[in-house]
Amino acid sequence: MKIVFQINGGIGKSVMATAVCKAIKTQHPDSKIIVITGYPEVFEGNRRIFKVIKHNELSYFYKDHIDEQPDTQFFMQEPYLHTDFIQRRGHLIKVWCEMNGIKYNGELPELFINHKEKSSFAGMFASPKPIFVIQTNGGMPNQTDKYSWSRDLPFSTAQKIVDQFAATHNVVQIKRKDQPQLNNVYPVDATFRQLAVLIALSDKRLFIDSFGQHVAAALGMSSVVCWIANVPSQFGYEMHTNIMANAPTLEPELRNAVLSKYNTNGIETEFPYNNEEEIFDVEVIINALIGDIK
């Protein structure tokens with residue numbers, strides 16, 4: 001039996017989808033899982049997967065996987081639109097499994113990095129001091145607003161954290177060229193596989209709800225993760241130290257809110273604080289990082 005599993009969205013969602021693939025293979029061990037994704041690099045080395053196809057490379061798909069193959073199943077529904085997800089009744093991975101009739105047993109994301117990758121990429125991040133990896137901004141490339149108050153770490157908050165650890169650690173900021181850069185950091189814009197090795201080599205990790213925290217979970221590495229609009233019960237992992245934003249100090253304007261309270265792009269009119277300094281307590285984050293276990 002073939003199972004076609006389509007993943008829409010960003011790279012972090014594809015990392016989460018590896019947990020769904022694991023659950024599928026557990027329930028249907030003889031199935032051939034065909035993944036359709038925008039990020040095939042996430043599934044490299046994953047032997048649970050029969051074939052990975054990019055969204056824009058579906059030539060002959062009907063002929064190869066549907067025509068005269070009546071036992072092929074299709075898991076192509078969008079979990080973000082499922083009632084249980086919208087009503088916050090469970091983790092995205094759980095909802096994703098159950099909406100396709102797959103039993104969820106707490107599967108976590110998984111990545112497979114081989115010895116050659118580790119040895120080849122490790123030299124890129126060689127450092128005389130322990131590595132502290134920080135990801136402050138997420139979102140899609142070349143978005144108009146470089147900072148989203150509902151997802152990203154405020155610049156001043158992140159800078160205070162960097163200043164706290166700069167003497168003891170080589171602070172490496174994962175960032176694209178179109179994202180703001182902190183002071184006293186080593187900026188890295190690398191491939192997904194290279195960044196996975198970087199995270200695997202790190203001593204401390206501070207993430208937002210973006211791909212970095214999913215990669216860390218897939219590698220079994222506890223991290224500190226800061227949350228504003230989204231919640232760890234839907235997108236996070238118990239292995240992490242999850243820090244929620246402070247309660248709003250202003251009544252937000254939610255006339256444009258539809259399926260979630262806040263838009264993760266950080267719509268200005270929804271901002272429920274007097275200023276960005278009110279979102280997080282810096283000392284709480286610093287203390288969590290000091291106590292973070294590798």
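Rule-based calculations on the coordinates, nothing more; no lab input. Note that the structure is predicted; figures quoted are calculated from it, not measured. Cβ placement follows ideal geometry from the backbone for every residue including glycine, while neighbour counts extend to all protein chains displayed.
How compact is the range 161-294 by the rule of thumb for globular proteins, expressed as Cα Rg over 2.2 N^0.38 Å? It would help to have the intermediate numbers written out before the result.
Numbers: Rg = 15.7 Å, N = 134, 2.2 N^0.38 = 14.1 Å.
The reported ratio for this selection is 1.11.
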Within 10 Å, count the other beta carbons around each residue, average over each peptide in 231-237, 205-211, 64-70, and list them highest first. 205-211, 231-237, 64-70
Taking the number of other C-beta atoms within 10 Å as the exposure measure, put Y80, Y273, Y60 in order starting with the fewest. Y60, Y80, Y273
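Given only helices, namely DSSP H runs of n ≥ 4 each adding -39500 (n - 2.57), what is the per-residue ellipticity at 222 nm of the chain, to the nearest 500 deg cm²/dmol? Please report the intermediate quantities before stating the final value.
On the way: 10 runs with 83 residues, N = 294.
For the chain, the value works out to -7500 deg cm²/dmol.
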Would you mind telling me which residue in L198, L254, L92 has the biggest mean-square fluctuation in a Gaussian network model of the chain, where springs connect alpha carbons within a distance under 10 angstrom? L254
How far, in degrees from 0 to 90, does helix 11-27 lean away from the longest principal axis of the Cα atoms of the chain, to the nearest 10? 40 degrees
Considering the chain as a Gaussian network with a 10 Å cut-off on Cα pairs, which listed residue, E268, E57, E41, attains the greatest mean-square fluctuation? E57
Which whole-Hz ³J(HN,Hα) couplings does the range 92-104 yield from phi under the Karplus relation 6.51 cos²θ - 1.76 cosθ + 1.60, θ = phi - 60°, glycine and proline marked x? 4, 4, 5, 4, 4, 5, 5, 5, 9, x, 9, 6, 9
For helix 155-165, what angle does its Cα long axis make with the longest principal axis of the chain, in degrees from 0 to 90 and rounded to 10? 80 degrees
Taking 1 over the mean of 1/r across every pair of different Cα atoms in the range 1-57, what Kirkwood radius in Å do you get? 11.2 Å
Once normalised by the length of the chain, the mean sequence separation of its alpha carbon contacts under 8 Å that are 6 or more apart gives a contact order in percent of 18 percent
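Ranked from highest to lowest mean number of other Cβ atoms within 10 Å per residue, what is the order of the peptides 18-29, 96-107? Please list the in-between numbers first.
Values: 18-29: 19.7, 96-107: 17.2.
So the order, starting with the most tightly packed, is 18-29, 96-107.
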Taking the square root of 5λ for each eigenvalue of the C-alpha gyration tensor of the range 2-98, the equivalent ellipsoid has semi-axes, largest first and in whole angstrom, of 22, 15, 14
So if I take the centroid of the Cα atoms in the range 93-107 and the same for the range 147-197, what is the distance between those two points in Å? 33 Å
Here are a few candidate values for Rg and Dmax of the Cα atoms in Å: (i) 25.4, 92; (ii) 17.9, 56; (iii) 19.8, 64. Which one was actually calculated from the structure I just gave you? (iii)
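Count charges around Q135 for me, please; just the other residues with Cβ under 13 Å from its Cβ, Lys/Arg as +1, Asp/Glu as -1.
On the way: positive: R151, K175, R176, K204, R205; negative: D152, D189, D209.
After counting each charged neighbour, the total is +2.
Give me the net charge of V225's neighbourhood, meaning all other residues with Cβ under 9 Å from the Cβ of V225; Lys, Arg count +1, Asp, Glu -1. Present the calculation step by step, with values, prior to reporting the outcome.
Numbers: positive: R205; negative: D209.
Residues close to V225 contribute a combined charge of 0.
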Total lysine pairs whose alpha carbons fall under 19 Å of each other in the range 1-77 (8 or more apart, or interchain): 18
